[in-house]
Amino acid sequence: MGFRLLLLAFGSVMGVAAYAQYHKDQPPKNASPMKDAELAQKVVQEKEADVLKVLRGISEATNGSQPWDMVKERQALEGFKKLIPLLKERSAWLLGKHEEFVKSMTLYQAALAKAPTAFLRASDAYGKFAAEEDEIF
């Protein structure tokens, strides 16, 4: 029970957020925690790839540049012009999802607190099943 609650809390937050990112903040009709988590992972990877691509361009432009190298300076400046809006977009999105994250984190922490008890009960049940088995496989 504790693991399911944990998975549900994490998957719901990340999945709804990722789904909203792709579908203009409309909640999913048939949400699944695993699918939601996979979609969230995909969104995060795509966003990171966008930022990393721009950062690589800036790094290439500034690597080995000399003072007064106007071509490299312009390349770096163009990279920063692309980077700043990307970072603003991501930070605005993160700030907008803060309340949802805090709520889900609270559910996650509660599930973690209950997990040892749930797993102990499951362990006891499997121990009883094992004791009742007559055949050795």
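Yes/no matrix, rows are residues, columns are (1) in contact with an Asp or Glu (Cβ under 9 Å, 6 or more places away or on another chain); (2) at pLDDT 85 or above; (3) of a type in the set (A, V, I, L, M); (4) surrounded by fewer than 15 Cβ atoms within 10 Å (Cβ to Cβ):
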residue: PRO27; (1), (2), (3), (4): no, no, no, yes
residue: PRO33; (1), (2), (3), (4): no, no, no, no
residue: GLN45; (1), (2), (3), (4): no, yes, no, yes
residue: LYS53; (1), (2), (3), (4): no, yes, no, yes
residue: GLY64; (1), (2), (3), (4): no, no, no, yes
**OP:** Please specify each residue of the range 66-110 satisfying the condition of being polar (S, T, N, Q) and either over 21 Å from ALA37 (Cα atoms) or surrounded by 15 or more Cβ atoms within 10 Å (Cβ to Cβ) (or both).
**Re:** GLN66, GLN75, SER104
Original post:
Going through the range 64-105 one residue at a time, which ones are over 15 Å from the mean Cα position of the chain (by Cα) and outside any helix (DSSP H, G or I)?
Top reply: GLY64, SER65, GLN66, PRO67, TRP68, ASP69
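The values are calculated or read from the model by the stated rules, or taken from the named source; none is laboratory data. None of these values were measured; they are calculated from a predicted model. Because the Cβ atoms are built from the backbone with ideal geometry, glycine has one as well, and the counts that use them run over all protein chains shown.
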